Structure formats: structure tokens, C-alpha cells
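Everything on this sheet refers to the single structure shown next.
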Amino acid sequence: MSGFDFTPFWLSFKLAFVTASLLFVITLPLAWWLSQTRSKSKPFFEALSALPIVLPPSVLGFYILVFFSQSSPLGSFLDEHFHIKLVFSFAGLVVASMLYSFPFMLQPLQSGFESLNREMIEASYISGKGYLTTLFRVALPNIKPSLLTALIVTFAHTVGEFGVVLMVGGSIPGETKVASVAIYEMVEVMDYENAHIYSAIMVGISFLVLLGVYVFNHRYKRRIGAFGS
């Protein structure tokens with residue numbers, strides 16, 4: 001092994017942590033609202049939020065470049081007034097990753113909330129608890145598997161991103177060159193030795209993350225079953 005650099009992995013983990021943390025804060029109220037509302041607009045918001053699942057990463061990356069480039073009104077405004085450049089920067093990677101991973105955080109949370117006993121939620125409101133109290137003290141503690149799935153899958157999905165991060169961030173060492181981009185460049189120059197090592201590390205991390213989720217969910221279900229019996 002020659003020229004091994006852990007920096008791309010550090011950037012991938014940092015990007016995944018920031019993305020998952022911000023998405024949790026943003027999607028939590030939306031997931032709660034979608035799970036409780038009977039509005040006719042619900043299918044529209046669900047379809048809109050699920051778009052990144054079916055859109056090619058190149059399409060999403062292209063439009064992010066268009067809207068956030070310094071030649072666009074939004075990109076020019078952010079650069080001129082806040083000195084924020086979202087193209088070819090880590091901040092841009094965060095925004096792109098949040099858009100691309102949005103449904104992976106939202107859907108498990110929404111499914112978890114929808115699985116709750118409706119009577120428990122209504123009893124919380126009847127007893128005088130407000131919207132936020134019901135959400136944080138009643139709903140969230142009772143959807144631990146869904147919560148863990150949302151956080152872990154979003155984190156793992158972000159670590160494995162390639163198309164969107166390459167288009168938006170490029171490959172700037174120490175800034176936007178994440179692990180998936182590093183592997184792509186190694187294959188391009190036929191550095192298969194390091195590509196194998198980097199890829200094996202990614203496979204191992206992904207497997208361990210998913211294993212942890214499944215082990216926790218199985219144990220949680222057994223514990224709930226034991227209490228129920």
C-alpha cells in the first residue's frame with residue numbers, strides 16, 4: 001500500500017455527520033406534520049420530498065450548480081452579502097447532500113410516527129400537552145427503531161454519495177475530495193491497489209452500520225414483545 005490518505009474518509013464522515021444532524025432538525029417537524037395531517041396536499045409534498053430517490057444524481061447535481069453558481073441570482077446574492085460560495089466548497093457539499101439524502105431521513109421518521117397508536121397521541125392533547133411536548137415527550141421516545149434507522153441510513157447514504165458531490169464539489173484535496181471521489185480517481189489512473197483498500201473500507205463501514213441497525217431493531221422488538229406478553 002502506497003500513498004494512503006485518511007483525509008477523504010474524514011471528510012466523508014464529517015459531511016455525513018453534518019448532513020444527518022441538519023436533516024434531522026429540518027425533517028422532524030415535517031415528518032410529524034405529514035404523519036398527522038389529512039390535507040389533500042399531502043401526496044404532493046410526499047412526492048416532492050421523494051424526488052431525490054428516483055432522480056439521477058447528475059440531474060440533481062446539475063440544478064444545484066445552476067442555482068448556486070456565482071452567475072445565478074441566488075449564488076451572487078450569497079457571495080456578495082454573506083461571502084458564501086456553495087460551488088466547489090464543503091458548504092456546497094452539505095447543501096447538495098441534504099437535498100440528495102432528504103427522503104432517507106424523512107420517510108423512516110414519517111413511517112415511525114404513522115405507526116404510533118392514534119389514541120396515545122389524542123390522549124396527550126386531551127391532557128393538555130401541546131404540539132412540541134407531544135412530539136418530543138410522547139412520539140419520539142416511542143419510535144426509537146425508526147429514529148435510529150433514519151439517522152444511520154442517512155449517515156451511511158451520505159458517506160457513499162458520488163455523483164452529486166463530484167458535480168457540486170469537484171475534487172479539492174482536504175476540502176471536497178471525499179472517499180467516493182478518491183476511489184473514482186484511483187480507478188481512473190489504474191491505482192487498483194489503493195482503490196481496493198479504500199473500497200474494502202467503505203464496504204466494511206457500510207456493513208457494520210447496517211448490522212448495527214438490524215441488531216438494535218431486533219433487540220428492541222424482542223424487548224417490546226416481552227413487555228407485551
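So here's what we get for this one:
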item: Odd one out for Q107 among (1) surrounded by 16 or more Cβ atoms within 10 Å (Cβ to Cβ); (2) over 21 Å from S21 (Cβ atoms); (3) not small (G, A, S); result: (2)
item: Qualifying residue in the stretch 32-44 (condition: surrounded by 15 or more Cβ atoms within 10 Å (Cβ to Cβ) and among the small types (G, A, S)); result: yes
item: Which numbered condition K144 fails, given (1) surrounded by 15 or more Cβ atoms within 10 Å (Cβ to Cβ); (2) touching a residue at least 24 places away in the same chain (Cβ under 8 Å); (3) basic (K, R); result: (1)
item: Every residue from the stretch 127-141 that is surrounded by 14 or more Cβ atoms within 10 Å (Cβ to Cβ) and under 26 Å from S101 (Cα atoms); result: L135, A139, L140
item: Hits in the stretch 188-227 - residues which are in contact (Cβ under 8 Å) with a residue 24 or more places away in the chain and among the basic types (K, R); result: K221
item: Hey, M98 touching a Ser or Thr at 6+ places or on another chain (Cβ under 9 Å), surrounded by 23 or more Cβ atoms within 10 Å (Cβ to Cβ), under 16 Å from P29 (Cβ atoms) and not polar (S, T, N, Q) or not; result: no
item: Test: residue in the stretch 171-184 that is at negative phi, crowded, with 19+ Cβ neighbours inside 10 Å, free of Cβ contacts under 8 Å to residues at least 40 places away in the same chain and in contact with a Ser or Thr (Cβ under 9 Å, 6 or more places away or on another chain); result: yes
item: Only listed residue being more than 22 Å from the chain's Cα centre (by Cα) and either part of a helix (DSSP H, G or I) or among the β-branched types (V, I, T) (or both), chosen from L74, L60; result: L74
item: Matching residues in the stretch 154-198 - criterion: being within 16 Å of D5 (Cα to Cα), outside any helix (DSSP H, G or I) and of a type in the set (G, A, S); result: S171, G174
item: Given (1) touching a residue at least 40 places away in the same chain (Cβ under 8 Å); (2) in a helix (DSSP H, G or I); (3) surrounded by 13 or more Cβ atoms within 10 Å (Cβ to Cβ), index of the condition D5 fails; result: (2)
item: Only one of L78, L23, L86, L60 that is at pLDDT 95 or above and in contact with a Phe, Trp or Tyr (Cβ under 8 Å, 6 or more places away or on another chain); result: L23
item: Condition met for K42 (touching an Asp or Glu at 6+ places or on another chain (Cβ under 8 Å) and without any contact (Cβ under 8 Å) to a residue 24 or more places away in the chain); result: no
item: Exclusive hit being under 16 Å from H157 (Cβ atoms), in contact (Cβ under 8 Å) with a residue 60 or more places away in the chain and either part of a loop (DSSP other than H, G, I, E, B) or touching an Asp or Glu at 6+ places or on another chain (Cβ under 7 Å) (or both), set S12, S35, S97, S101; result: S97
item: Criterion (over 20 Å from V178 (Cα atoms), assigned to a helix (DSSP H, G or I) and touching a residue at least 60 places away in the same chain (Cβ under 8 Å)) met by exactly one of L65, L28; result: L28
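The values are calculated or read from the model by the stated rules, or taken from the named source; none is laboratory data. Computed from a prediction, not measured in an experiment: that's the story for all the values here. In this analysis, Cβ positions are derived from the backbone assuming ideal geometry, glycine residues included, and neighbour counts consider all displayed protein chains.
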